[in-house]
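Remarks on the structure that follows.
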Amino acid sequence: MSYLKNILPVLGLFLLFFVASSSSAFAFSFLPPPDEKTGAPNEGTCADCHVGNALNTSGGSLMLTIPETYVPNEVYTIIVNLSRAGQSKWGFEMTALDANGDRAGAFEVDTAANTQLTETNSKQYIQHTTAGTAAGTDDAHSWEFEWTAPDADIGPITFYAAGNAANNDSATTGDYIYTEQSESTPPIPVIAGVSLEIVGDMALSTMDAVAGVSYTLKVTNTGNMMDTVALEASAEVGIEGSVLGSLNNRSIELEAGASEEVMLEVAGDLFTESGDYAIRVTATSGTDSTMTAEITTTTTVEIPSPPEPPATPWDVNGDGSVNVLDLVLVANEFGQSGESLKGDVNGDGSVNVLDLVVVVSHFGEDVSN
């Protein structure tokens, strides 16, 4: 009995020593280590406990599947894939932090209970469970779970993760630790904009309303995304005729910041009168129809007035005297119709006996004064 009394304390100390000395060998063989082992700023990794191989030794990998961009309150599927040939037990730990190192969003465990959640220093962590180590699974293993984005745009979010590709011998040697981080950013807000300018003169003139004049316009997409810009030119109606603005391209697809030139032709019709005609061109963003730009051209149409008819049309040859020569000129064009006929003395568009009568009625007059 006395022997047992003496040996029991010794056995107790031996057991305590055994547990303490072998704790590192059995620690976390089924459950993950304490939090803050993801490799995030001011955090360690699983390599703090699992020794013998350098961090991120070639031949293995830790890959994260996260959303490249996030929308507030949206739920996303996260995949953590760990691989290394020859290994057969697996573990990981992940956290999501904003630029200040604060918790970003919320993880949810998978329905198969391969993951679990913990919190430390106001940061959330998702880790493997005992079942999630997939002991006996060779060469690679992955975990899939959901993450809900924050309820507001908090800027870039970084996912930090560390993984342990273990050899399933319940010791802390012979294992390989890998770390990875990936960033998810809020979507870039779409900004639409368009500018319109004239290359050259804003005001031109023409002596031929029908032929008109041409303007060169430059259209620029001032937004941050590809846009299709629609162009429209107004028309100005004159007293009798009209002046129109015609574009050689009414729809232009432009990359952000890109420009393209278009031609605007301003022309009238046969009835257009002399005057100043303002033609407005409008460019409208296809992304945001409230974003428009306008320019206005002013085209001056100068139509020459027809020459004044002579004061004495019966002096057909204009020599200052009404004589037989004038009768001859009328006779030479007798029966003709049209414009600019000298023999059309009365201006009715036709040379006939009426014109001869007019000349005869003034025959012999001196009209030189």
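The values are calculated or read from the model by the stated rules, or taken from the named source; none is laboratory data. Worth saying up front: this structure is predicted, and the values here are computed from it rather than measured. Because the Cβ atoms are built from the backbone with ideal geometry, glycine has one as well, and the counts that use them run over all protein chains shown.
State all residues of the range 255-273 that are in contact with an Asp or Glu (Cβ under 6 Å, 6 or more places away or on another chain) and surrounded by 14 or more Cβ atoms within 10 Å (Cβ to Cβ); if no residue qualifies, say none.
Scanning the range 255-273 gives no hits.
Given the residues ALA283, ALA256, ALA267, ALA293, which is the only one that is within 60 Å of the chain's Cα centre (by Cα) and over 30 Å from VAL210 (Cα atoms)?
ALA256 is the lone residue from the list that is within 60 Å of the chain's Cα centre (by Cα) and over 30 Å from VAL210 (Cα atoms).
Out of all the residues in the range 83-114, which are in contact with a Lys or Arg (Cβ under 7 Å, 6 or more places away or on another chain) and either free of Cβ contacts under 8 Å to residues at least 60 places away in the same chain or assigned to a loop (DSSP other than H, G, I, E, B) (or both)?
ARG103
Yes or no: LEU64 touching a residue at least 24 places away in the same chain (Cβ under 8 Å), over 21 Å from HIS141 (Cβ atoms) and surrounded by 12 or more Cβ atoms within 10 Å (Cβ to Cβ)?
No, not satisfied.
Search the range 310-326 for residues that are closer than 9 Å to VAL359 by Cα and pair each with any residue that is of a type in the set (A, V, I, L, M) and not in a helix (DSSP H, G or I) when their beta-carbon atoms are under 7 Å apart and the residues are at least 6 apart or on different chains.
PRO313/VAL345; TRP314/VAL322; TRP314/VAL345; ASP315/VAL322; ASP315/VAL367; VAL316/VAL345; VAL322/VAL367; ASP326/VAL316
Starting from residues that are surrounded by fewer than 23 Cβ atoms within 10 Å (Cβ to Cβ) and not β-branched (Val, Ile, Thr), keep the ones in the range 161-181 and report whichever is nearest to ASN114 (Cα to Cα).
ASN168
Under 6 Å by Cβ, and 6 or more places apart or on different chains, what pairs join a residue from the range 254-273 that is closer than 30 Å to GLY241 by Cβ with one that is part of a loop (DSSP other than H, G, I, E, B) and among the charged types (D, E, K, R)?
PHE271/GLU240
Filter the range 86-127 down to the residues that are hydroxyl-bearing (Ser, Thr, Tyr) and closer than 30 Å to ASP169 by Cβ, then identify the one that is surrounded by the fewest Cβ atoms within 10 Å (Cβ to Cβ).
THR120
In the range 233-248, which residues are surrounded by 14 or more Cβ atoms within 10 Å (Cβ to Cβ) and either modelled with pLDDT of 95 or more or out of contact with any Phe, Trp or Tyr (no Cβ under 6 Å at 6 or more places or on another chain) (or both)? It would help to see each step written out before you state the result.
Of the range 233-248, the ones surrounded by 14 or more Cβ atoms within 10 Å (Cβ to Cβ) are 233-234, 236, 238, 241-247.
Within the range 233-248, ALA233, SER234, GLY238, SER242, LEU244, GLY245, SER246, LEU247 qualify.
Residues checked against (1) part of a strand (DSSP E or B); (2) in the same structural domain as LEU244 (by TED's automatic domain parsing):
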site: PHE271; (1), (2): no, yes
site: TYR277; (1), (2): yes, yes
site: ARG280; (1), (2): yes, yes
site: ALA283; (1), (2): yes, yes
site: SER289; (1), (2): no, yes
site: ALA293; (1), (2): yes, yes
site: THR297; (1), (2): yes, yes
site: THR312; (1), (2): no, no
site: VAL316; (1), (2): no, no
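Could you pull out the residue among GLU74, GLU119 that is under 32 Å from the mean Cα position of the chain (by Cα) and closer than 24 Å to ASP153 by Cα?
GLU74
Might you check whether a residue that is outside any strand (DSSP E or B) and within 30 Å of CYS49 (Cα to Cα) occurs anywhere in the range 216-235? Break it down stepwise before answering.
Going through the range 216-235, the residues outside any strand (DSSP E or B) turn out to be 222-226, 234.
With the extra rule that they be within 30 Å of CYS49 (Cα to Cα), the set shrinks to none.
No, because not a single residue in the range 216-235 is outside any strand (DSSP E or B) and within 30 Å of CYS49 (Cα to Cα).
As an exercise: evaluate SER184 against (1) part of a loop (DSSP other than H, G, I, E, B); (2) surrounded by 14 or more Cβ atoms within 10 Å (Cβ to Cβ); (3) touching a residue at least 60 places away in the same chain (Cβ under 8 Å) and give the number of the one condition it does not meet.
(1)
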